[in-house]
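In what follows, a structure is listed as structure tokens, so that the remarks can point back to it.
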Amino acid sequence: MPATPQPGVPEFATRSHTCMESDSGKRAKESSVRYRRYSVRYPFAADAEILELKSGSRVSGVTSDLSHGGCFVCARRTLEVGARVRGTLTREGQKAKMLAVVRVVKPQVGMGIEFLEIDPDSNATLWAWIESLRKPPDIP
């Protein structure tokens, strides 16, 4: 049953579904916590190196979007929802490192990760990246 629309509240913030659907109609696994996005995500491509802390398993991919709270990493191999990871995002020689958790998995596509802890230097890099994405492009 769809949630009743609330003025000023984005529709996704009122969903109570336990999974999401991708554009292809395949269902994505999601943590049992209600899925909410608190930050605007911007299209953003950066190399991503993900290390699962429990198993030591490594996954490489490329981000498709970025926010202050997380990103989506496109990768053929994914980790389990709830996995705690150390992530490194690299773009044009700049790196941002963080402790994160996998929140959403789309098999054969990638995974959404939520940032839990970011060191101060990496946080400054992350903010700079996002600020550059928020600015409208210079039009001659």
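Taken together, the residues in segment 103-131 that are in contact (Cβ under 8 Å) with a residue 40 or more places away in the chain and touching a helix residue (DSSP H, G or I) at 6+ places or on another chain (Cβ under 9 Å) amount to 1. Would you check which residues across segment 32-66 are modelled with pLDDT of 95 or more, touching a helix residue (DSSP H, G or I) at 6+ places or on another chain (Cβ under 7 Å) and part of a loop (DSSP other than H, G, I, E, B) and list them? Of everything in segment 32-66, just one residue is modelled with pLDDT of 95 or more, touching a helix residue (DSSP H, G or I) at 6+ places or on another chain (Cβ under 7 Å) and part of a loop (DSSP other than H, G, I, E, B), namely Phe44.
Rundown of residues vs (1) small (Gly, Ala, Ser); (2) closer than 16 Å to Ile130 by Cα; (3) in contact (Cβ under 8 Å) with a residue 12 or more places away in the chain, yes/no style:
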site: Glu49; (1), (2), (3): no, no, yes
site: Phe72; (1), (2), (3): no, yes, yes
site: Leu79; (1), (2), (3): no, no, yes
site: Leu89; (1), (2), (3): no, yes, yes
site: Glu92; (1), (2), (3): no, yes, no
site: Lys95; (1), (2), (3): no, yes, yes
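Any idea which of Gly69, Gly112 is of a type in the set (Gly, Ala, Ser) and buried (at least 23 other Cβ atoms within 10 Å of the Cβ)? From the options Gly69, Gly112, the qualifying one is Gly112.
Inside segment 71-105, can you point out the residues that are of a type in the set (A, V, I, L, M, F, W, C), in contact with a Gly (Cβ under 9 Å, 6 or more places away or on another chain) and assigned to a strand (DSSP E or B)? Walk me through how you get there before you give the answer.
First pass over segment 71-105, keeping only residues of a type in the set (A, V, I, L, M, F, W, C): 71-75, 79, 81, 83, 85, 89, 96, 98-102, 104-105.
Imposing the further condition that a residue be in contact with a Gly (Cβ under 9 Å, 6 or more places away or on another chain) reduces the set to 71-75, 96, 98-102, 104-105.
Passing the criteria: Cys71, Phe72, Val73, Cys74, Ala96, Met98, Leu99, Ala100, Val101, Val102, Val104, Val105.
The values are calculated or read from the model by the stated rules, or taken from the named source; none is laboratory data. All of these numbers come straight from a predicted model, not from anything done at the bench. Ideal geometry is used to build each Cβ from the backbone, glycine not excepted, and the neighbour counts take in all protein chains shown.
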